[in-house]
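Student: Just dropping this structure here.
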Amino acid sequence: MRVKRGFVARRRRNKVLDRAKGYRGSNSSCYITAIEKNDKAMQYAYRDRKVRKRDFRALWIQRINAAARLNGTTYSQLINGLKNAGIDMNRKMLAEVAVADSGAFSALVKQAQS
């Protein structure tokens, strides 16, 4: 007996085409190219979830360094001083303090220098 597979195959194809909505040209309407573009998009998404963490850490370090230089020190000296002073604060929070509350950041710099 012949199996037509209409419903199952259509559902699988529509799933791929739904994910490909918004792609340029036939990449959003042609099933074969939509498969390739979806695969590539998923690879980029997986990779860039890791890259986002890297990018944010780099941004925090730039902000801390800029604020540290305004207070007469450098990033590496500040981080080393905080470590030696026993102040355990991550870079995300340090950057937030540097942007939002410069007085508190200056106090941290003084503690790190002493």
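What follows draws every value from the coordinates through simple rules; no lab data is involved. In this text, all values refer to a predicted model and were calculated from it rather than measured experimentally. We place every Cβ from the backbone using ideal geometry, glycine too, and count neighbours over all the protein chains shown.
Student: Cut-off under 26 Å on the C-alpha distance; same-chain residues fewer than 8 positions from Lys37 excluded. Which lysines are left, in chain and number order?
Tutor: Straight-line reach from Lys37, under 26 Å: Lys15, Lys21, Lys50, Lys53.
Student: Go from 0 up to the bin containing the longest alpha carbon distance in the chain, width 5 Å each, and give me the % of pairs per bin.
Tutor: Binned Cα distances yield the sequence 2, 11, 15, 12, 8, 6, 6, 6, 6, 8, 8, 6, 3, 2, 1, 1, 0, 0.
Student: Taking the Cα centre as origin and putting +1 on Lys and Arg beta-carbons and -1 on Asp and Glu beta-carbons, what dipole magnitude results for the range 6-113, to the nearest 20 debye?
Tutor: Approximately 780 debye in magnitude.
Student: Follow-up. For every helix of n ≥ 4 consecutive DSSP H residues, a contribution of -39,500 (n - 2.57) applies; sum these over the chain, divide by its total residues, and give [θ] at 222 nm rounded to the nearest 500 deg cm²/dmol.
Tutor: Helix-only estimate at 222 nm: -25500 deg cm²/dmol.
Student: Which residue, Val51, Ala100, Ile87, has the largest displacement toward the positive end of the dipole of the chain when charges sit on each Cβ (Lys, Arg +1; Asp, Glu -1)?
Tutor: The residue sitting most towards the positive pole is Val51.
Student: Which whole-number percent gives the relative contact order of the range 20-114, counting Cα pairs below 8 Å spaced six or more residues apart?
Tutor: 23 percent
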